[in-house]
Amino acid sequence: MTLNSIGLDTLKTQQLATDLNTLLANFQLYYQNLRGIHWNIKGKAFFDLHAKFEELYTDANLKVDEVAERILTLGATPLHTFDDYIKAAKVPVGKNVSKDEDAVRLIIDSLTELLKIERQILDSSDDANDEGTNSMMSDFITEQEKTVWMMKAWLGETV
């Protein structure tokens, strides 16, 4: 086993970086979806949702940066083109979403995909003894589970 300069197995960190790039691509599409629904939301819930969507896209933008910097910390290069993002993304694309319930459903569906990727990375980072990535994924998962719960509650649904 060869260790990198931060004491992690180089083969395992290469795979983690690949998985983190998948997460990065999906976060970028999620971010763009949030910008779109922030701009295009209409209806009686406009003021509340417009502000909520801004809060969510600001947070997503920070997470994009954190993920990219973690990829760099692991010695890899973060994806940085829309072409790469689209090829790697599983998050649904929300085009011309302006209805409140459709926008909230898009967020739930997007976070559901992100959570799947993050849980897989959490397992892999635990196996690689990569506490930095592990901690990041744990924090992301905790926040996103709460957001899913709140969005479902807004829709009148349970988790």
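Just a yes or no: is a residue in the range 118-136 out of contact with any helix residue (DSSP H, G or I) (no Cβ under 7 Å at 6 or more places or on another chain), surrounded by fewer than 17 Cβ atoms within 10 Å (Cβ to Cβ) and closer than 16 Å to Trp154 by Cβ? There is no residue in the range 118-136 that is out of contact with any helix residue (DSSP H, G or I) (no Cβ under 7 Å at 6 or more places or on another chain), surrounded by fewer than 17 Cβ atoms within 10 Å (Cβ to Cβ) and closer than 16 Å to Trp154 by Cβ.
Only one entry of Glu143, Glu157 meets the criterion of being more than 13 Å from the chain's Cα centre (by Cα) and not aromatic (Phe, Trp, Tyr), and that entry is Glu157. For the range 136-150, the set of residues classified as in contact (Cβ under 8 Å) with a residue 40 or more places away in the chain, touching an Asp or Glu at 6+ places or on another chain (Cβ under 9 Å) and among the aliphatic types (A, V, I, L, M) consists of Met136 only.
Filtering the range 56-83 to residues that are over 23 Å from Thr10 (Cβ atoms), of a type in the set (D, E, K, R) and in contact with a helix residue (DSSP H, G or I) (Cβ under 9 Å, 6 or more places away or on another chain) leaves Asp59, Lys63.
Residue count for the range 66-107 satisfying the condition of being assigned to a loop (DSSP other than H, G, I, E, B), without any contact (Cβ under 8 Å) to a residue 40 or more places away in the chain and under 15 Å from Trp39 (Cα atoms): 0.
One line per residue, one yes/no per condition, for (1) of a type in the set (Lys, Arg); (2) within 23 Å of Ala128 (Cα to Cα); (3) in contact with a Pro (Cβ under 7 Å, 6 or more places away or on another chain); (4) surrounded by fewer than 17 Cβ atoms within 10 Å (Cβ to Cβ):
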{"position": "Leu8", "(1), (2), (3), (4)": "no, yes, no, no"}
{"position": "Tyr30", "(1), (2), (3), (4)": "no, no, no, no"}
{"position": "Ala51", "(1), (2), (3), (4)": "no, no, no, yes"}
{"position": "Asp59", "(1), (2), (3), (4)": "no, no, no, yes"}
{"position": "Lys95", "(1), (2), (3), (4)": "yes, no, no, yes"}
{"position": "Thr112", "(1), (2), (3), (4)": "no, no, no, yes"}
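All of Gly7, Gly43 fail the test of being free of Cβ contacts under 8 Å to residues at least 40 places away in the same chain, out of contact with any His (no Cβ under 7 Å at 6 or more places or on another chain), farther than 16 Å from Phe82 by Cα and of a type outside the set (Lys, Arg), apart from Gly7.
A short reminder: the numbers here are calculations on the coordinates, not readings from a lab. These figures come from a predicted structure and were not determined experimentally. Neighbour counts run over all protein chains shown; Cβ positions are idealised from the backbone, glycine included.
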